[in-house]
Amino acid sequence: MLKASLTLVLILTTMLAQAAAPEPIFITSPDGAVRVSVSVTDQGKPSYSVAYKDTELLRPSSLGLQLADADLSKGLKLTSAGKSAPVTDSYTLTNDKRAACHYQANRREITFSGSQGRTLSVVFQVSNDGVAFRYVLGGKSKEKQRILGEKTTFKLPAAAKGWLHPHAVAQTGWSNTQPSYEEYYKMGIAAGTPSSLGQGWSFPALFQAAGHWVLLTEAGMDRSYCGTHLAHLSPDGEYSIAFAQEREGTTPTAPVAPESTLPWNTPWRVLVVGPTLGTIVESTLTTDLSAPTKIKDTAFIKPGKASWSWALLKDEATVYDVQKNFIDYAADMKWKYCLIDALWDKQIGYDKMTELATYARSKNVDLLVWYNSNGSWNKAPQTPINVLFEPASRKKEFARLQQMGIKGVKIDFFGGDGQSMMNYYQDLLEDAAQAKLLVNFHGTTIPRGWTRTYPHLMTMEAVRGFEFLTFDQANADQEPTHCAVLPFTRNAVGPMDFTPMCFSEIPGQKRVTTNGFELALSVLFQSGIQHYVEVPEGMKKQPSFVVDFVRNLPPSWDDVKFLDGFPGEYAVVARKANNKWYVAGINGTPTDRTITLDLSKLGATKGGTLITDGTTNRDFNTRRFTGTALTLPVKARGGFVLELN
């Protein structure tokens, strides 16, 4: 009798434990390599973990939202777990790392119920190159709901290392223009290290975890959310989501934290994962997970190269005669565009700009012009100013530019990642599309898949670009290692307006990179419009084979392949256009390096043309090569390019 009673108690205890903590729910990638496990603790706290084959890449990490009127991160019950279903998508991109994109994933929606009848669904999509999930708040409401915080975390394995970008404090920096994603990456630091600026770490965040690679970012940003980043503290390598700071709205009273009516889908939390860095460099997950474009007339969207005076010549060069010379320069180099930067409205004027646009068209060149974005969020004085924030003024200005024959705008000095600022970005993009204007955002947030939704968004800065090299020697000294981390971080999530390639000396600074390094950046970095730093006088001094290489570079790329590299040390990337591969490599270290390339990864090749550094750091060599195996000595802070047959 006693034995039977003990058996009954054991059975009841087991049943209660199973009821309190259901069996994990699994979602796997189509190839079976990536696996997500979702569980609920007996306290009702949902969590997930991520593995690649047998390797754990994320330890159990938290899920949930803190609403203004409900905590949907604990006390939850699993109410349903839909069946895993395949998701497929094919689309084209005009100005990103790959033209023809194909997405395959397995999708599963898991729903939890909380107090007061509130429910929270989490949709997971697991592809061969990563994991994405988003929260769904169902129902309908006329009044806006508010999310006070996400409980989402990413708990890296012990001994993981990070290549992380410090997130800046809002309203700091020059003329209160931070955060603008223009810091140097902290490289190879221990996971869990507090952020150096006290505000957390920006997306994208790269980690080396258990011999594999993980890139964290977000995608699918619409008007209902703010941009987020990783919080300042991450004990035991567990990183949490931080919202935009209080002063990152378009006005003091404009929304910063997320608010929306129901139903409500949050942006995707994205983890690009794989055993090699090739997965990170080649993945298109951020655009795979973003909304297709609604722009029907895309004939005006033309990627290309641009001449640009400001980097080396600064504000004083924004005058009629100099810009006419840069138009001639673009025409000679067969580049599509010439960018005329700040103060054009004062130092050239609208009438003379119309004249320049007409002259440029006669040379088969189109003009891009600069604008200050700001309403009240910063103190940057450069003009044109205070014409884009108000809708009526913006639409009038864009219509005027279209009538003048201007083809695009560079808009600078944004105010952060608040929800209202995310809406302002999209207001600008939608109105620019109506006026058939291309867009370049500077002093800006990161791309979050917008190049798919808004294909006329040609590029975004969100990087400590070349202009900083002209400000002081410390920045010039850091160019090599900084450039060697960017293909694995910032440029891995979308077009990046670093503004590369300078063969000339920098006024007042000593450039520490070789000319081969600078030439390699023309291919290594991807941007829908690539604005080159080099000026006409400097280009004339280069050998004809270098000039011809730059002149004949394609305006956009069809595909990308990672060949070799390590973040902050060196990088070798191949890009394809018109059935031809171009390979670029840089050595970011202060010591010479030998790189061996297996070009068979790029398919059949008969060899090609190689351009390397010459006997000094300011000249070049070129030669033909055959075969698919190539061993190259690369100078300290040097580089090379290959053009394959």
Requested in this report: Could you tell me whether any residue of the range 176-183 is at pLDDT 95 or above, within 23 Å of Cys483 (Cβ to Cβ) and among the charged types (D, E, K, R)?
Outcome: yes
Requested in this report: With the checklist (1) among the hydrophobic types (A, V, I, L, M, F, W, C); (2) in contact (Cβ under 8 Å) with a residue 60 or more places away in the chain; (3) under 25 Å from Phe441 (Cβ atoms) in hand, flag the one item Phe545 doesn't pass.
Outcome: (3)
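Of a type in the set (A, V, I, L, M), under 23 Å from Val439 (Cβ atoms) and out of contact with any Gly (no Cβ under 6 Å at 6 or more places or on another chain), is that true of Ala311?
On the way: of a type in the set (A, V, I, L, M): yes; under 23 Å from Val439 (Cβ atoms): yes; out of contact with any Gly (no Cβ under 6 Å at 6 or more places or on another chain): yes.
So Ala311 passes the test.
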Report task. State all residues of the range 234-256 that are more than 19 Å from Leu63 (Cβ to Cβ) and of a type in the set (A, V, I, L, M, F, W, C); if no residue qualifies, say none. Result -> Ala244, Ala254, Val256
Query raised in the report: Does the range 388-424 hold any residues that are of a type in the set (A, V, I, L, M) and either under 27 Å from Ser224 (Cα atoms) or surrounded by fewer than 23 Cβ atoms within 10 Å (Cβ to Cβ) (or both), and which are they?
Result: Leu388, Ala392, Ala399, Met404, Val409, Ile411, Met421, Met422
Query raised in the report: Given the conditions (1) in a helix (DSSP H, G or I); (2) over 23 Å from Tyr320 (Cβ atoms); (3) of a type in the set (Lys, Arg), which single one is not true for Lys379?
Result: (1)
Query raised in the report: Is it the case that some residue within the range 235-251 is hydrophobic (A, V, I, L, M, F, W, C) and under 18 Å from Thr286 (Cα atoms)?
Result: yes
Query raised in the report: Before we move on, is Thr284 under 30 Å from Arg452 (Cα atoms) and among the β-branched types (Val, Ile, Thr)?
Result: yes
Report task. May I ask you to say which residue of Thr616, Thr622 is assigned to a loop (DSSP other than H, G, I, E, B) and either touching a residue at least 60 places away in the same chain (Cβ under 8 Å) or surrounded by fewer than 22 Cβ atoms within 10 Å (Cβ to Cβ) (or both)? Result -> Thr616
Query - Matching residues in the range 337-355 - criterion: being without any contact (Cβ under 8 Å) to a residue 40 or more places away in the chain and surrounded by fewer than 23 Cβ atoms within 10 Å (Cβ to Cβ) - result: Asp345, Lys346, Gln347, Ile348, Gly349, Asp351, Lys352, Glu355
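Do the conditions hold for Lys334, that is, is it out of contact with any Leu (no Cβ under 6 Å at 6 or more places or on another chain), touching a residue at least 60 places away in the same chain (Cβ under 8 Å), closer than 23 Å to Pro554 by Cα and surrounded by fewer than 21 Cβ atoms within 10 Å (Cβ to Cβ)? First the steps, then the outcome.
On the way: out of contact with any Leu (no Cβ under 6 Å at 6 or more places or on another chain): yes; touching a residue at least 60 places away in the same chain (Cβ under 8 Å): yes; closer than 23 Å to Pro554 by Cα: yes; surrounded by fewer than 21 Cβ atoms within 10 Å (Cβ to Cβ): yes.
In short, yes.
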Report task. Tell me, please, whether a residue that is modelled with pLDDT under 95 and surrounded by 18 or more Cβ atoms within 10 Å (Cβ to Cβ) can be found in the range 100-116. Result -> yes
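With respect to Ala357, determine if the residue is aliphatic (A, V, I, L, M), touching a helix residue (DSSP H, G or I) at 6+ places or on another chain (Cβ under 7 Å), over 18 Å from Val550 (Cβ atoms) and assigned to a helix (DSSP H, G or I). Write out each step before concluding.
Numbers: aliphatic (A, V, I, L, M): yes; touching a helix residue (DSSP H, G or I) at 6+ places or on another chain (Cβ under 7 Å): yes; over 18 Å from Val550 (Cβ atoms): yes; assigned to a helix (DSSP H, G or I): yes.
So Ala357 fits the description; yes.
Looking only at the range 450-464, count every residue that is touching a strand residue (DSSP E or B) at 6+ places or on another chain (Cβ under 6 Å) and closer than 15 Å to Ile295 by Cβ and tell me the total.
Going residue by residue through the range 450-464, those that are touching a strand residue (DSSP E or B) at 6+ places or on another chain (Cβ under 6 Å) are 450-451, 456-460, 463.
From the residues that got through so far, the ones that are closer than 15 Å to Ile295 by Cβ too are 450-451, 456-458.
Result for the range 450-464: 5.
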Report summary line: The residue from Thr596, Thr589 that alone is in the same structural domain as Val485 (by TED's automatic domain parsing), hydroxyl-bearing (Ser, Thr, Tyr) and in a loop (DSSP other than H, G, I, E, B) is Thr589
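Going through Ser113, Ser90, Ser121 one at a time, which residue ends up being free of Cβ contacts under 8 Å to residues at least 40 places away in the same chain and under 30 Å from Lys296 (Cβ atoms)? Write out each step before concluding.
On the way: Ser113 fails: under 30 Å from Lys296 (Cβ atoms); Ser121 fails: under 30 Å from Lys296 (Cβ atoms).
Of Ser113, Ser90, Ser121, the one residue that is free of Cβ contacts under 8 Å to residues at least 40 places away in the same chain and under 30 Å from Lys296 (Cβ atoms) is Ser90.
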Query raised in the report: Could you list, in sequence order, the residues of the range 425-459 that are over 17 Å from Gln526 (Cβ atoms), assigned to a loop (DSSP other than H, G, I, E, B) and β-branched (Val, Ile, Thr)?
Result: Thr445
Query raised in the report: In the set Ala574, Ala636, Ala629, Ala604, which member is of a type in the set (Gly, Ala, Ser), crowded, with 16+ Cβ neighbours inside 10 Å and within 24 Å of Thr279 (Cα to Cα)?
Result: Ala574
Query raised in the report: Among the listed residues Lys151, Lys142, Lys155, which satisfies the condition of being modelled with pLDDT under 95, basic (Lys, Arg) and either farther than 27 Å from Ala462 by Cβ or assigned by TED's automatic domain parsing to the domain that holds Ala68 (or both)?
Result: Lys142
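Check whether at least one residue in the range 500-511 is closer than 22 Å to Ser309 by Cα, without any contact (Cβ under 8 Å) to a residue 40 or more places away in the chain and buried (at least 23 other Cβ atoms within 10 Å of the Cβ), and report yes or no.
Taking the range 500-511 first, the residues closer than 22 Å to Ser309 by Cα are 500-511.
Applying the additional criterion that residues be without any contact (Cβ under 8 Å) to a residue 40 or more places away in the chain yields 500, 505, 508, 510.
Now narrow it down to the ones that are buried (at least 23 other Cβ atoms within 10 Å of the Cβ): 500.
Yes.
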**Report entry** Residue count, the range 155-209 (criterion: β-branched (Val, Ile, Thr) and buried (at least 21 other Cβ atoms within 10 Å of the Cβ))
**Finding:** 1
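A quick yes/no check of all residues on (1) touching a His at 6+ places or on another chain (Cβ under 9 Å); (2) at pLDDT 95 or above; (3) surrounded by 17 or more Cβ atoms within 10 Å (Cβ to Cβ):
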residue: Val9; (1), (2), (3): no, no, no
residue: Ala21; (1), (2), (3): no, no, no
residue: Val40; (1), (2), (3): no, yes, yes
residue: Ser49; (1), (2), (3): no, yes, yes
residue: Thr55; (1), (2), (3): yes, yes, no
residue: Leu76; (1), (2), (3): no, yes, yes
Report summary line: Within the range 369-383, of all residues that are touching a Gly at 6+ places or on another chain (Cβ under 9 Å) and either without any contact (Cβ under 8 Å) to a residue 40 or more places away in the chain or surrounded by fewer than 23 Cβ atoms within 10 Å (Cβ to Cβ) (or both), the one farthest from Glu534 (Cα to Cα) is Ser376
**Report entry** Conditions (1) assigned to a helix (DSSP H, G or I); (2) surrounded by fewer than 18 Cβ atoms within 10 Å (Cβ to Cβ); (3) touching a residue at least 60 places away in the same chain (Cβ under 8 Å); number of the one not met by Tyr329
**Finding:** (2)
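Can you tell me which residue within the range 356-368, out of those that are of a type outside the set (Val, Ile, Thr) and surrounded by 21 or more Cβ atoms within 10 Å (Cβ to Cβ), is nearest to the chain's Cα centre (by Cα)?
Looking only at the range 356-368, we keep the residues that are of a type outside the set (Val, Ile, Thr), and these are 356-357, 359-364, 366-368.
Now restrict to residues that are surrounded by 21 or more Cβ atoms within 10 Å (Cβ to Cβ): 356-357, 360, 366-368.
Numbers: Leu356: 33, Ala357: 31, Ala360: 31, Asp366: 26, Leu367: 25, Leu368: 22 Å.
Within the range 356-368, the match that is nearest to the chain's Cα centre (by Cα) is Leu368.
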Report task. Pull up the range 515-570, narrow it to residues that are of a type in the set (Lys, Arg) and outside any strand (DSSP E or B), then point me to the one that is surrounded by the most Cβ atoms within 10 Å (Cβ to Cβ). Result -> Arg551
Requested in this report: Could you list, in sequence order, all residues of the range 50-63 that are free of Cβ contacts under 8 Å to residues at least 60 places away in the same chain and either assigned to a strand (DSSP E or B) or not assigned by TED's automatic domain parsing to the domain that holds Ala209 (or both)?
Outcome: Ala51
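The values are calculated or read from the model by the stated rules, or taken from the named source; none is laboratory data. Being a predicted model, the structure only gives us computed values, none of them experimental. Neighbour counts run over all protein chains shown; Cβ positions are idealised from the backbone, glycine included.
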